[in-house]
1. State which residue pairs qualify: first residue under 10 Å from L49 (Cα atoms) and inside the stretch 81-92, second residue assigned to a strand (DSSP E or B) and at pLDDT below 80 in any location, beta carbons under 8 Å apart, and separation of 6 or more residues or different chains.
2. Filter the stretch 21-75 for residues that are surrounded by fewer than 13 Cβ atoms within 10 Å (Cβ to Cβ) and among the hydroxyl-bearing types (S, T, Y); which is modelled with the highest pLDDT?
Amino acid sequence: MIVENPDATPLQWGMVGLDGANLMFQARDSIAGDYAPLGDVAVGASAALYLEVEALDALLERVDGKAEVVLPERTTFYGMREVWIRDNNGYLLVLAEKVTAE
């Protein structure tokens with residue numbers, strides 16, 4: 001989607017969503033126009049985005065081969081099944097689902 005802004009420069013952004021949760025991304029050169037110091041920052045993040053999801057197995061099937069698993073599936077002491085991945089842009093995402101009682 002291209003949206004024209006008042007100075008006629010196209011904005012460069014994208015949005016992805018699943019089940020009502022949305023993330024918006026903006027191109028580096030575009031965001032640097034808003035805040036210049038971000039133009040020199042390396043792509044990726046020094047933080048992990050923790051995303052609580054439903055149907056973790058189905059989500060992992062969808063990203064298979066599209067993201068690097070950096071920490072394989074584990075069940076934590078706080079009752080979450082987690083998989084840590086690095087996406088194709090270098091972002092670290094923790095995908096987590098509540099463990100259900102059997």
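1. W84/A48; L92/A48
2. Ranking the candidates gives T75 first.
The values are calculated or read from the model by the stated rules, or taken from the named source; none is laboratory data. Because the structure is a prediction, the values reported are computed rather than measured. Here Cβ is always computed from backbone atoms with ideal geometry, including for glycine, and neighbour counts include all displayed protein chains.
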